[in-house]
Amino acid sequence: MRNRRSFADMAGNLADYVDRVASQGERFVVMRDEQPVAELIPFTPGRSVRELSTMLAALPRLSREEATGYGEEIAAARIELEKVPLRDSCDR
């Protein structure tokens, strides 16, 4: 379970909490009026969009048979979905 801290406590001791997150990987949920409003977590660098083509190229590929079977499953699912009556989500 993550550590919960009041907003006032976090504001008054922010440097300490940031040090704990950075050095020990701790996570803190910031609470205001007993409600969670934010989370202080360790930074995890993301990937660059420039890496997208390399990441996609590394994904496994479907065989022709797998792709055909997958396409047939999608077509069958679409036919079944057409049989389901539409309903307005606002209707009760």
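The values are calculated or read from the model by the stated rules, or taken from the named source; none is laboratory data. This one's a predicted model, so the numbers in the text were calculated from it and none came from an experiment. Don't worry about glycine lacking a Cβ; one is built from the backbone with ideal geometry, like all the others, and counts go over all protein chains shown.
Is it the case that the stretch 81-90 has a residue that's polar (S, T, N, Q), more than 22 Å from the chain's Cα centre (by Cα) and part of a helix (DSSP H, G or I)? Scanning the stretch 81-90, I find no residue that is polar (S, T, N, Q), more than 22 Å from the chain's Cα centre (by Cα) and part of a helix (DSSP H, G or I), so the answer is no.
Look at (1) out of contact with any Leu (no Cβ under 9 Å at 6 or more places or on another chain); (2) among the basic types (K, R); (3) assigned to a strand (DSSP E or B) and you find that R5 fails only one, number (1).
Taken across the stretch 31-38, residues that are under 28 Å from the mean Cα position of the chain (by Cα), farther than 30 Å from N13 by Cα and either touching a residue at least 60 places away in the same chain (Cβ under 8 Å) or outside any loop (DSSP other than H, G, I, E, B) (or both) do not occur at all.
Screening R50 on (1) of a type outside the set (D, E); (2) free of Cβ contacts under 8 Å to residues at least 12 places away in the same chain; (3) surrounded by 11 or more Cβ atoms within 10 Å (Cβ to Cβ) shows it passes everything except condition (3).
Among residues of the stretch 18-74 being in contact with an Asp or Glu (Cβ under 7 Å, 6 or more places away or on another chain) and among the basic types (K, R), the one that is nearest to R5 (Cα to Cα) is R27. Against the definition (assigned to a helix (DSSP H, G or I) and either exposed (fewer than 10 other Cβ atoms within 10 Å of the Cβ) or modelled with pLDDT of 95 or more (or both)), how does S23 come out, yes or no? Taking the combined requirement at face value, the residue satisfies it.
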